[in-house]
Every structure is written in C-alpha cells, then in structure tokens.
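Right, one structure below, let's go through it.
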Amino acid sequence: MTPPWDPPGGPYSRRLTLTVERQGRARTVRLACVPTYGTHPRGPEACALLGRAQGNPAYVRLPWVACPRHYDPVSASADGTWNDHYIRYRRTFSNQCELRAATGAIFDF
C-alpha cells in the first residue's frame, strides 16, 4: 500500500517533485525517500543518488559517459525539501544522453 503523498513532514522529510520537459511535452513524478514511495519508476535508485548528493541533483557525481553531440534540448527540474532544506533545481541539457549522464536515475522516467 502506498501512503498518501503528503505524510507528516518533520525535519528529515525527503520529498521532491521532478519534471522533465522535451519538445514541449512535460512529464512529472513525485518521489519521497525514507521510506521510498511515489510515482517515480526507479525510486530506490534515485533516492540513493540523491542521498549522496544531499537531495540536490546538481551535486550528483557519476562516471563520465560519452554522448553524441546533437542538439535536442531537454529540461529537468526538481522542487521539494530534503532534510528541512528547500531544493530548487533547474537545468537544460543538450540532449537526453547528457541528462542521464549527469543525473543517472533521478530524471529517468
């Protein structure tokens, strides 16, 4: 059973709304960690990456990946709270490969 989206928060709440927009179409999922739930299809992996990055996708560090150099922009955003700190992340990548190379499972939905 999945708990309701807005469970009691507290100083250690870890909840984010994640959005990916490409070619005018946006997809949004919700992710909560500890315990992991929400609509993110790779929630446990995304929570593990975010845990090491203090909840901020900008701090994710992954091994280098070579991506093609074509321009097909994709925008990613994250809004929410992580350990009582507000997270607001916005970035546009040149293509889907660059998004995945920089953020791993976090925006893989």
Here the residues within region 46-72 that are surrounded by 15 or more Cβ atoms within 10 Å (Cβ to Cβ) and farther than 20 Å from ARG88 by Cα are CYS67
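Hey, does region 64-71 have a residue that's in contact with a Leu (Cβ under 8 Å, 6 or more places away or on another chain) and at pLDDT 95 or above? Lay out the reasoning, then the answer.
Within region 64-71, the subset in contact with a Leu (Cβ under 8 Å, 6 or more places away or on another chain) is none.
Checked against the condition, which is being in contact with a Leu (Cβ under 8 Å, 6 or more places away or on another chain) and at pLDDT 95 or above, region 64-71 yields no hits at all.
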Residue in region 73-98 that is surrounded by the fewest Cβ atoms within 10 Å (Cβ to Cβ), counting only those that are touching a residue at least 60 places away in the same chain (Cβ under 8 Å) and within 22 Å of GLY24 (Cα to Cα): ASP79
Out of all the residues in region 12-68, which are touching a Ser or Thr at 6+ places or on another chain (Cβ under 6 Å) and of a type in the set (S, T, N, Q)? SER13, THR19, THR28
Flag if ARG30 is modelled with pLDDT of 95 or more, loosely packed, with under 12 Cβ neighbours inside 10 Å, of a type in the set (Lys, Arg) and in a strand (DSSP E or B): no
Options LEU99, LEU49; residue that is in contact with a Phe, Trp or Tyr (Cβ under 8 Å, 6 or more places away or on another chain) and either part of a helix (DSSP H, G or I) or modelled with pLDDT under 95 (or both): LEU99
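Quickly run through region 34-46 and pick out the residues that are among the aliphatic types (A, V, I, L, M) and not in a loop (DSSP other than H, G, I, E, B). Give the derivation first.
From region 34-46, those among the aliphatic types (A, V, I, L, M) are 34, 46; that's our starting set.
Residue satisfying the conditions is ALA46 alone.
Yes or no, residue by residue, for (1) within 19 Å of GLN23 (Cα to Cα); (2) touching a strand residue (DSSP E or B) at 6+ places or on another chain (Cβ under 7 Å):
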site	(1), (2)
ALA58	no, yes
ARG61	no, no
TRP64	no, no
HIS70	yes, no
SER75	yes, yes
ASP79	no, yes
ASP84	no, no
ARG91	yes, yes
GLN96	yes, yes
Residues that are part of a loop (DSSP other than H, G, I, E, B) and more than 17 Å from LEU31 (Cα to Cα), drawn from region 56-72: ARG61, LEU62, PRO63, TRP64, VAL65, ALA66, CYS67, PRO68, ARG69, HIS70, TYR71, ASP72
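The values are calculated or read from the model by the stated rules, or taken from the named source; none is laboratory data. Remember, predicted model here, so these are calculated numbers, not experimental data. Please note: Cβ atoms are built from the backbone with ideal geometry, for glycine as well, and neighbour counts cover all protein chains shown.
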